[in-house]
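Inspection log for the structure reproduced underneath, given as structure tokens.
The values are calculated or read from the model by the stated rules, or taken from the named source; none is laboratory data. Since the structure is predicted, the reported quantities are computational estimates derived from the model, not experimental observations. FYI the Cβ positions are ideal-geometry reconstructions off the backbone, even for glycines, and counts take in every protein chain you see. When the accessible area is computed, the model is the full protein with side chains, heavy atoms only, and any ligands, DNA or RNA have been set aside. Shrake-Rupley method; radii C 1.70, N 1.55, O 1.52, S 1.80 Å.
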Amino acid sequence: MPQSTSTLATRLTLVATLGGLLFGYDTAVISGAVGAIDANFIAPLNLSEIARNSLSGWTVSSALPGCVVGAAIAGWIGHRIGRTRGMMVAALLFVISAIGSAIPELGFGPIGSMGPAALKPFIFYRFLCGVAIGIASMLSPLYIAEIAPSHARGQLVSYNQMAIVSGILLVYFVNFAIASQGNEAWVLTTGWRFMLGSEVVPALLFFVLLLFVPDTPRWLVMKGRDDEARNVLTRLVSAEEAKVSFRQIEESLVVREEPLFAFGAGVIIVGILLSAFQQFVGINAVLYYAPVMFKNMGAGENSALLQTVLVGAVNVIATLIAIRTVDHWGRKPLLILGGIIMAVAMISLGALFAAGSTGLLALIAILVYIAGFALSWGPVVWVLLAEIFPNSIKDRAMAIAVAVQWITNLFVSWSFKVVDGSSPLNAVFHHGFAYLIYGGMGILATVFVWRMVPETKNRRLEEIQELWRPSRSSVSVS
Ligand code: BGC
């Protein structure tokens, strides 16, 4: 008999997914401001071409190091002050950084006439915004996993991925709408500020809604607030289930904090590899550079709009497939299916580039690849990261895994440029080499899941942690 998910669990999930929306919004908003950053802050410095490109590249990606820091401290914040208040900290940082990056001159000098002197505060605010993204990227899925009933946990956590891709799509249209309010010169002097500042709206909404959201039963028990935990549980699931859940949470937290390796190194390694492979399969290289690829393929004038609509539609539809299937088929089948699809698509893309064919077939390979990621490694990695770690080490272990994800994200974005710019490689592979590597990573990722990742569908979080008890010599890979 299908079980229903309480409306409260769904409502709380929707609030937490605003963290995912801001994650997507904020990582993509900068694309609309690249021209303005160059024109206002970098061009007046009269640097050499290499120095100019490098400074521009670092400025545009200055949020990423912040994401690493945010993810790394999110475990500590979520442990100390709670998941809900931790997300509130992220929301506040989103607000401050949005205002600061829109008006970096604030407190330093007259708006619009500081020139390159405003670059340092700008980079600082983008870094701060990265810290907010890092915190939200960990606490939103963690919160959802901890309030979701086991039969719907995969689905509810996958809503967060839907929010991430919706955020990426939404900001494109917001940037587009702002840019059409004036001419190019207006965008360079003023429009970009509205783009970066627009994020204040979802960030404030996130903060205000969080005021009405209870913390998770697991965190409340960890802090000895048992009555509140029972209360939240009975509002989330049936009275019977609440009793069982409460007992299991208590048992899992008899020792409230254990050493990181109390359950062996296996669970930590699996978490880290899930994160690393999610990035090594190349998703962000493909997303960041898709516009260039579309242009090279001759998509013409409307290439930016075309690629955004196509990529966005494929992303949303394929994520819906994951939402519908993750709790029925399970996590492993989706990851294996997606891994195979991505590997085939990337190897085909690499081979097509190497053969000098960058037309329709290459475009299809990219879209198939994005669909493969969106129905599997996009959402499911977040589901697993939020559920595989035992309660007593969860905050620290998940923070480490998510921080590794941001580090590998940074590495892939940087190394793509290096590989793609290498003349000896391009002489042979015609810009296809990086995709062959990502295809190879897709194969490794698939084998890794098949051999090392346990299935977690339909299990209570406290049952999942039993899979890792050191007494078990090897991980169950049912
Ligand atoms: C990944 C991001 C990626 C996003 C977009 C997320 O699950 O963690 O790195 O940019 O999906 O698809």
Fill in: Where TRP329, TRP219 fall by accessible area, highest first, once all protein chains stay in place (1.4 Å)
TRP329, TRP219
Discussion item. Suppose only helical runs count, i.e. DSSP H with n ≥ 4. What mean residue ellipticity at 222 nm does that imply for the chain under -39500 (n - 2.57) per run, divided by all residues and rounded to the nearest 500 deg cm²/dmol?
Written reply: -23500 deg cm²/dmol
Fill in: Cβ charges +1 (Lys, Arg) and -1 (Asp, Glu), total dipole of segment 387-477, debye
140
Practice prompt. Could you work out how far apart the two model spin labels at HIS430 and LEU204 are, taking each label as a point 7 Å from the Cα in the direction of the beta carbon, and quote it in nm?
Written response: 5.3
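How would GLU463, GLU146 rank on accessible area, largest to smallest, probe 1.4 Å?
Greatest to least solvent exposure: GLU463, GLU146.
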Worksheet item: What is the gain in length, in nm to one decimal, between ARG469 and ILE340 on full extension, counting 0.36 nm per residue of separation less the C-alpha to C-alpha distance?
Response: 43.4 nm
Practice prompt. Show which lysines lie in cross-link reach of LYS120 when reach means a straight Cα distance below 26 angstrom and same-chain residues fewer than eight apart are skipped.
Written response: LYS417
Worksheet item: Expressed as a whole number of Å, what is the distance separating the alpha-carbon centroids of segment 375-413 and segment 188-203?
Response: 30
Discussion item. Run the Debye formula on the Cα coordinates of segment 1-130, all scatterers equal and no solvent, and tell me log10 I(q)/I(0) at q = 0.09 1/Å.
Written reply: -0.35
Worksheet item: In whole angstrom, how far apart do the alpha carbon centroids of segment 91-112 and segment 152-166 sit?
Response: 31
Worksheet item: Which ³J(HN,Hα) values, rounded to whole Hz and listed in residue order, are derived for segment 89-98 from phi using the Karplus coefficients 6.51, -1.76 and 1.60 in 6.51 cos²θ - 1.76 cosθ + 1.60 with θ = phi - 60°, glycine and proline given as x?
Response: 4, 4, 4, 5, 5, 4, 5, 4, 6, 5
Discussion item. If each residue of separation counts as 0.36 nm, what is the full-extension length gain between VAL255 and ALA177 once their alpha-carbon separation is subtracted?
Written reply: 22.7 nm
Worksheet item: Just how much of VAL383 is accessible, in Å², when a 1.4 Å probe is used and the result is rounded to the nearest 10?
Response: 0
Worksheet, complete the sentence: Scalar couplings 3J(HN,Hα) for segment 181-191 by Karplus 6.51 cos²θ - 1.76 cosθ + 1.60 (θ = phi - 60°), nearest whole Hz, x for Gly and Pro, are 7, x, 8, 4, 5, 5, 4, 5, 8, 10, x
Practice prompt. Would you please classify the overall shape of the chain from the alpha carbon gyration tensor, given that a ≥ b ≥ c denote the square roots of the eigenvalues, rounded means a/c under 1.5, and beyond that prolate means a/b larger than b/c while oblate covers the rest?
Written response: oblate
Item to complete: Provide TYR172, TYR435 ordered by accessible surface of protein heavy atoms (probe 1.4 Å), highest first.
Response: TYR172, TYR435
Practice prompt. First select every other residue whose beta carbon is under 15 angstrom from the beta carbon of MET88; then total the charges, Lys and Arg +1, Asp and Glu -1.
Written response: +2
Worksheet entry | Accessible-area value, HIS430, 1.4 Å probe, nucleic acids and ligands omitted, Å² | 90
Worksheet entry | Residues of type lysines that LYS223 reaches as a straight line, Cα spacing below 23 Å, ignoring anything fewer than 8 places off in the same chain | LYS243, LYS394
Fill in: Cβ-Cβ FRET estimate between SER415 and SER48, R0 fixed at 22 Å, reported to 0.05
0.40
Discussion item. Once you order the gyration tensor axes a ≥ b ≥ c over the Cα atoms, which shape class does segment 307-453 get: rounded for a/c under 1.5, otherwise prolate or oblate by comparing a/b with b/c?
Written reply: prolate
Worksheet item: Can you work out the FRET efficiency for the pair THR190 and ALA117, with r the C-beta to C-beta distance and R0 = 25 Å, to the nearest 0.05?
Response: 0.85
Worksheet item: Is the shape of segment 149-226 rounded, prolate or oblate, going by the alpha carbon gyration tensor and its root eigenvalues a ≥ b ≥ c, with a/c under 1.5 for rounded and a/b larger than b/c for prolate?
Response: prolate
